[in-house]
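The values are calculated or read from the model by the stated rules, or taken from the named source; none is laboratory data. Keep in mind it's a predicted model, so treat the numbers as computed, not measured. Ideal geometry is used to build each Cβ from the backbone, glycine not excepted, and the neighbour counts take in all protein chains shown. Surface areas here come from the heavy atoms of the whole protein model, side chains and all, with no ligands, DNA or RNA. Shrake-Rupley method; radii C 1.70, N 1.55, O 1.52, S 1.80 Å.
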Amino acid sequence: MLKQFLNLKLSQKLSPQQIQLMKLIQLPTQAFEQRLKEEMVENPALESGKEEEEEYEKDEFDNNEDDYDDYEGSDNIDTDEINIDEYLSNDETPDYKLQANNYSEDDEQRTMPFAASTSFHQDLINQLNTFILTDEEREIAEFLVGSIDDDGYLRRSVQDIVDDMAFTQGIYTDEKSVEKILHIIHDLEPSGVGARDLHECLLLQLRHKTPTEYVDLAINIIENHFDAFTKKHYEKLLATFEISKEQLKKAIEEIEKLNPKPGGAFDSNTRTVEQIVPDFAIRIVDGELELTLNGRNAPTLHVSKDYQEMLQTYKISKDKSHSQKDAVQFIKQKLDSAKWFIDAIRQRQETLFVTMNAIMHFQQEYFLDGEETKLKPMILKDIADMVGLDISTVSRVANSKYVDTPYGTKLIKEYFSESMKNDQGEDVSTLEIKKILKNIIEEEDKNKPLPDDQLADLLKEKGYPIARRTIAKYRDLLDIPVARMRKKI
């Protein structure tokens, strides 16, 4: 049986221009500058800087739209007909989301000279050149070095390596030969490189140290009682070795000096330093807060005078060929796109400023003295309601922008937090509770660190009735380990 239904569905579709505007809003300063450069390369009708003649200080393109209708055989180009595909990226995770970018406020861009550096694996190969090896041994050694990960570990069994060399390299050897070469790898710098696991990594580093009473004790602990050490069962270690707390403390200090990621230490000296450019700056002037938007977000742009003159030339031309009509269509497209892009940048500036201004005033008490416990509970909807913008727009500003304050440069989204009730029934920020929790843990007796239930009791005494499971959640968010792992000898 055939039935008919009437179904009303309300939906909202974003235009390509709206999508483009949202993407512009999301860009932080340095990525925005790159996007601007790309647009100026793609659209020759868009120019930067002030116009040379005063008559063009007002956008002629704005004032002469009626001229389009005078062109023979030409129709006005509707906005939807403008090709805006060039504005949109298919990359759902653009580069600017994968890194933190920044310079100080209004800095000029400078090219930073970097010294040429040798990669981690190449450095190991160079060290192998100091050993006398046969051709077969060198092939095995270079294969082993190539199998070491960026942390400095060889996370594969010797048997797997033997099989892999036979199948992929045509190198036929045995486990004994590979183990022999692996001992040579273990003599390379940084010490600990080529270890199969953390246990072996720590042992290799300790054995490279100058032997002392405490180094020998540390080797014994790691070699024979590694599990008790990792679980911080210090009483068991004291009883096993019949030593004093001071002796155990000295041995543990030797272990704590070791690097659990020997390859990472090399990499940290050679990786490119990424910078953070504040998108806003907040200053205190005569007791009042003053907000500024990084000037690099407000470029001076105008529509090309040359392109407007081309249209004027076509208008007064008596003979209009088909090719000329095609050219004027192209020019009009570029002018429309340039005009829209300039307006989009203006909207971006306004959106950024009003959003950050609302955040600044909402958290005025904090920004005046920098005390984190004075941060109020603040969610995206609070700011969206204040400025009359969509929550998603506020989120785009908060998630990707930095603000330079007298107390350091921070990601704006760090100022947002949920609220909880204190014992007075007042709303307090979860940021405030985390700060107090962190302070309590920092001041605890490290010989007897506080478990979560005791931390909950202390917070309750301070007026914050919080469950133990919530304490555990906040502790994890703060990257603070459980009480047993915080214990010091």
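Some points to look at:
- Gyration tensor (alpha-carbon) shape descriptor, segment 284-364, a/c threshold 1.5: prolate
- Sites listed here are chymotrypsin sites (Phe, Trp or Tyr not before Pro) in segment 396-489 whose DSSP assignment is loop and whose Cβ has at most 14 other Cβ atoms within 10 Å: Tyr407.
- Dimensions of segment 342-471 from C-alpha coordinates, computed as largest minus smallest value along each principal axis and given longest first, are 62, 29, 24 Å.
- Among His208, His225, the sequence by solvent-accessible area, most first, with a 1.4 Å probe is His208, His225.
- Cα gyration tensor shape for segment 376-442, rounded if a/c is under 1.5, else prolate or oblate: oblate
- Residue pairs, from the table Lys381/Lys438; Lys434/Lys473; Lys209/Lys487; Lys261/Lys446; Lys376/Lys434; Lys410/Lys473, whose Cα atoms sit over 21 Å apart: Lys381/Lys438; Lys209/Lys487; Lys261/Lys446; Lys410/Lys473
- Segment 156-275 - percent of accessible surface contributed by carbon and sulfur, probe 1.4 Å: 48 percent
- Each of Pro465, Pro451, Val394 was scored by the projection of its Cα onto the charge dipole of segment 364-489, and the greatest displacement toward the positive side belongs to Pro451; charges sit on the C-beta of Lys, Arg, Asp and Glu.
- Additional length obtainable on full extension of the chain from Asn399 to Glu253, 0.36 nm per residue less Cα span: 48.5 nm
- Across segment 375-489, Cα pairs under 8 Å and at least six residues apart give a relative contact order of 22 percent.
- Restricting the trypsin sites (Lys or Arg not before Pro) of segment 163-272 to loop positions (DSSP other than H, G, I, E, B) with no more than 14 neighbouring Cβ atoms within 10 Å leaves Arg196, Lys231, Lys257, Arg271.
- Separation of the His208 and Lys421 label points, Cα + 7 Å toward Cβ, nm: 5.8 nm
- Shape of segment 118-171, Cα gyration tensor, a/c cut at 1.5: oblate
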